[in-house]
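The values are calculated or read from the model by the stated rules, or taken from the named source; none is laboratory data. Quick caveat, the model's predicted, so the values are computed rather than measured. Because the Cβ atoms are built from the backbone with ideal geometry, glycine has one as well, and the counts that use them run over all protein chains shown. What goes into the accessible areas is simple: the full protein's heavy atoms, side chains included, and nothing from ligands, DNA or RNA. Shrake-Rupley method; radii C 1.70, N 1.55, O 1.52, S 1.80 Å.
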Amino acid sequence: MNRHLRMKPTIVCFSHLCNSSYITGAEKLLLFLLCELSPRYNCVLVVPQEGILAREAWEAGIAYRVQPCPLLYAMVHPTPSLDTELEGLRQHAEYGAVVRLLQDIKPDYVLTNTSVHVVPALAAKSLDIPILWQITEVISDNAFTSKAAAIVHSFADIVIGISRTTLYPLPHAALPQGPFPPHYVLPPSWHMTALEPLTWQHHRLEKRTAFGLSDREILIGYISSSINRNKGLEHFVVMALQLCAIDERVRFVILGDPVDASYMEHCLHMIDQSPYAGRFHHIRFESAVQRVYPAMDIVVIPSLVPEGFGMTALEGLIFGKPVVVYRAGGLAEIAEATGNTAFAAEPGNVAHMTEIVTRLLHQPEEMRRVGESNARTVEQVYGIEQCRSRLHHLFVQLVMAQPGLFYAIKGSTDDVFIREGTVYRRVSSPRQLRSLGVRAVRRVADEVFHDLPQGDPLPRRRKVRRKLKRHLRGKLRKKRRFSRKLTIRVKKRKRGFKQSVRVQQSRRRHRLRVRVRR
């Protein structure tokens, strides 16, 4: 990876799904996060196979890798064997492949999506990489929920819930050795430009013409990326048939891919057996929701189990439609946050849901007013600016909550900062960094770095070094003086010895000459 790319921290995001025929809310949310993070982070998406998510990420300029990964479904419906299944994942060949993948990419962060995607968290923990674990579904509340919560707490450095509902089961099981990691609520959001608001009126006319609808007819929509029994299609059909009997204007569209064929057949059979089959339309999948929502007048989301959030309800609000839901889980949170509690029916109560929709049908001006109010309110509560603020604060909180992991950090420059108490102080030199025993320096985004509390730089201790240098220079000078003196003494001794030898030789020669003369 070139130096320019390494200026930004790298985050690897693991998706548990990558469907080839449709895209789920969890996949949409992860793609949205990647698009939001990519200006400040080098993002890499890891998917189990090729599919729509990988293709859309690539078109958005986000790199992806294909790496199959076993899922631990017992995390959603905890069982007594959860710990055993977890250990079994470590022996799985694909666990080693994920470890090698992370060693190759060398990310600064790992984000794993959904509670069942445990292997990326295990692999990142073994490599001491900070882990953001995003929970998008509701973990069942039973006798073994604490086991699932303990697994999340053991491996996550921060836990992200897309609603308060998704985080509710987790605090019930703190780790024995200390408090659990910080929890953070990060609801989904959207990019308005991607929804092409200028085309909505065109798509409304186009789709309603295709359905053969006039302006006076009211289209009520049901949307689910994957239709199964928990999504409440049967309740929608029962409500729709009751409305057909009392209002000739109503028409219905069902959009979604049936993953439970027998259940879908049962629902369609109910429609076909009624005298109102001609009022229903079915679309299996639509990649661009802006082609369908504008045609609707009311959106109904009758989920029978608590949703982690409710992306279809959010989308209905964005497109300015009255949205009727069952009051449970994330759908209840959305209704409360956007002032739509009057349109949240008692869970499973078809009669109550039918009553709410009937009231809207009889008050067309109220229906229009509610839709316009929803479009304004949803922007204020879940809009992109609120999401970006939450996302930024999440990373600041991660750094501050994990001083051990983020002891030494740096931004896009080479300046390193050390954590002292609750502030970060700049290190003056690499030698000082080594003296502090720092082996790893974690990179954080500049926006996060600037919002961290910073203190004065660490002192350089120049006086100590100068005294030491003067002391060493003095000792060196003394050694040199002693060496010079010693050299002079040796030379003098050598000269003296040579002179004495020459004198003695001269005397000997003189005595010899005297003898010869005699």
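Quick one: dipole size for the chain, taken about the Cα centre, charges +1 on Lys/Arg Cβ and -1 on Asp/Glu Cβ, in debye to the nearest 20.
Here the size comes out at about 13540 debye.
Summing Lys, Arg as +1 and Asp, Glu as -1, what charge do residues with Cβ under 10 Å from the Cβ of Leu53 carry, Leu53 excluded?
Residues near Leu53 contribute -1 overall.
Hey, got the dipole for the stretch 93-238? About the Cα centre, +1 on K and R Cβ, -1 on D and E Cβ, debye to the nearest 20?
I would put it at about 200 debye.
Arrange the peptides 329-340, 78-89, 296-307 so that the one whose residues have, on average, the most other Cβ atoms within 10 Å appears first.
Averaged packing, sorted descending, gives the order 296-307, 329-340, 78-89.
Select from Ile227, Phe180, Ala123 the residue farthest towards the positive end of the dipole of the stretch 106-254; place +1 on Cβ of Lys and Arg, -1 on Cβ of Asp and Glu, and compute about the Cα centre.
Ile227
As a quick test, which of the pairs Lys147/Lys410; Lys8/Lys147; Lys125/Lys231; Lys28/Lys106 have an alpha carbon distance above 31 angstrom in this structure?
Cα-Cα > 31 Å for Lys147/Lys410; Lys8/Lys147; Lys125/Lys231; rest within.
Highest mean first, how do 238-245, 505-512, 156-163, 397-404 rank when packing is the count of other Cβ atoms within 10 Å averaged over residues?
156-163, 238-245, 397-404, 505-512
Multiply the residue gap between Lys125 and Thr422 by 0.36 nm, knock off their C-alpha separation, and tell me the result in nm, one decimal place.
104.5 nm
Modelling each spin label as a point 7 Å along the Cα-to-Cβ direction, I'd like the Thr413/Met7 distance in nm, to one decimal.
Placing both labels 7 Å beyond Cα along the Cβ direction yields 1.4 nm.
Would you please state which residues of the stretch 299-340 a label at Gln363 would reach in this model, taking the label point 7 Å out along Cα→Cβ and a backbone N cut-off of under 16 Å?
Residues 322-325, 339-340 fall inside that zone.
Once Lys and Arg get +1 and Asp and Glu get -1 on their Cβ, which of Ser373, Met353, Ala408 lies farthest toward the positive end of the dipole of the stretch 339-489?
About the Cα centre, the residue reaching furthest to the positive side is Ala408.
Using +1 at the Cβ of each Lys and Arg and -1 at the Cβ of each Asp and Glu in the chain, identify which of Val299, Thr79, Phe211 lies farthest towards the dipole's positive end.
The Cα lying farthest towards the positive end belongs to Thr79.
What net charge do the residues around Gln91 carry, taking every other residue with its C-beta under 15 Å from that of Gln91, with Lys and Arg at +1 and Asp and Glu at -1?
Around Gln91, the charge tally is -3.
Here are a few candidate values for percent of Cα pairs over 39 Å apart: (1) 25; (2) 41; (3) 20. Which one was actually calculated from the structure I just gave you?
Recomputing percent of Cα pairs over 39 Å apart here gives the entry labelled (2).
Quick one: putting +1 on the C-beta of Lys and Arg, -1 on the C-beta of Asp and Glu, what dipole do you get for the stretch 396-448 around its Cα centre, in Debye to the nearest 20?
Dipole size: approximately 280 debye.
Gain in length, His510 to Glu336, computed as 0.36 nm per residue apart minus the alpha-carbon separation, to one decimal in nm?
Between His510 and Glu336, full extension yields 49.7 nm more.
Percent of accessible area on the stretch 309-401 owned by carbon and sulfur, 1.4 Å probe?
Percent of accessible area from carbon and sulfur atoms in the stretch 309-401: 50.
Could you order the peptides 124-133, 416-425 from most to least packed, using the average number of other C-beta atoms within 10 Å per residue?
Highest mean packing first, the order is 124-133, 416-425.
Ignoring everything except DSSP H segments at least 4 long, calculate the 222 nm mean residue ellipticity for the chain; use -39,500 (n - 2.57) per segment, divide by total residues, nearest 500.
The helix-only estimate for the chain comes to -14500 deg cm²/dmol at 222 nm.
Given a 1.4 Å probe, how much area per residue of the chain is accessible, in Å²?
Ligands and nucleic acids excluded, the figure is 50 Å² per residue.
Starting from the amide H of Val324, placed 1.01 Å from N in the peptide plane, find each other amide H under 5 Å away whose residue is 5 or more places distant or on another chain.
Those lying under 5 Å, H to H, from Val324 are Val299, Val300, Ile301.
For Thr165, what is the net charge nearby, where nearby means another residue's Cβ is under 14 Å from its Cβ and Lys, Arg count +1, Asp, Glu -1?
Overall, the nearby charge balance is -3.
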